[in-house]
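The values are calculated or read from the model by the stated rules, or taken from the named source; none is laboratory data. All values derive from a computational prediction rather than experimental measurement. Here the Cβ is made from the backbone with ideal geometry for all residues, glycine too, and neighbour counts use every protein chain on show.
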Amino acid sequence: MTTVLKVNGVSRRVDATPETPLLYVLRDDLGLNGAKYGCGLGQCGACTVQLEKEAVFSCITPLAAVQNREVRTVEGLGTIDAMSPLQQAFVDEQAVQCGYCIAGMIMRAQALLDVNSSPDDETIRAHMMPNLCRCGTHQRILRAVRRAADSLAAGRRS
Ligand code: FES
């Protein structure tokens with residue numbers, strides 16, 4: 001079956017069964033390897049992407065659920081030479097240890113900043129709760145999200 005979805009602003013056609021997890025489609029069919037396979041059960045967040053701006057676990061999101069909808073992955077945020085404010089904040093706070101969870105962390109944080117550009121620490125903490133980092137860098141990740149929010153606020157003032 002052919003499914004049409006929009007990924008990072010580009011319309012893509014995919015031939016796969018409707019129940020194929022979005023994560024497999026992104027990685028295997030579209031060559032977007034940012035989102036990672038961790039648990040495959042919606043329990044770790046390594047596979048997080050945005051679906052219509054909302055953070056979702058792509059490992060448990062079937063292809064049928066994204067027909068004609070907008071998906072954003074970490075590849076859609078910025079590049080190594082032109083990072084988004086959020087990606088830059090993760091670098092500046094050295095929030096990455098092994099890095100396996102980071103694409104998912106960034107996409108969950110982006111979903112928050114898209115609807116709330118100046119979240120307080122409690123809001124950031126609660127929003128990021130579903131995503132796990134086995135290296136234990138949560139404090140640095142929280143600082144990175146705070147830094148990104150501050151930098152977005154500074155951009156609005158200038
Ligand atoms: Fe999707 Fe763990 S791989 S939540």
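Things worth noting here:
- Complete set of residues in segment 22-35 that are surrounded by fewer than 20 Cβ atoms within 10 Å (Cβ to Cβ) and touching a helix residue (DSSP H, G or I) at 6+ places or on another chain (Cβ under 6 Å): Asn33, Gly34
- Qualifying positions in segment 47-66 - closer than 15 Å to Met129 by Cβ and in contact with a Lys or Arg (Cβ under 6 Å, 6 or more places away or on another chain): Thr48, Ala55
- Single unsatisfied condition, Gln110 versus (1) crowded, with 16+ Cβ neighbours inside 10 Å; (2) in contact with a Ser or Thr (Cβ under 6 Å, 6 or more places away or on another chain): (2)
- Against the numbered list (1) at pLDDT 95 or above; (2) more than 16 Å from the ligand (Cβ to nearest atom); (3) of a type in the set (Gly, Ala, Ser), Gly99 comes up short only at (2).
- Lone unmet requirement of (1) out of contact with any Asp or Glu (no Cβ under 7 Å at 6 or more places or on another chain); (2) more than 30 Å from Asp15 (Cβ to Cβ); (3) away from the ligand (no atom under 16 Å from the Cβ) for Ala144: (1)
- Residue tally, condition away from the ligand (no atom under 16 Å from the Cβ), without any contact (Cβ under 8 Å) to a residue 24 or more places away in the chain and surrounded by fewer than 15 Cβ atoms within 10 Å (Cβ to Cβ), over segment 36-82: 5
- Test: residue in segment 6-28 that is assigned to a loop (DSSP other than H, G, I, E, B), within 15 Å of the ligand (Cβ to nearest atom) and at pLDDT 95 or above: yes
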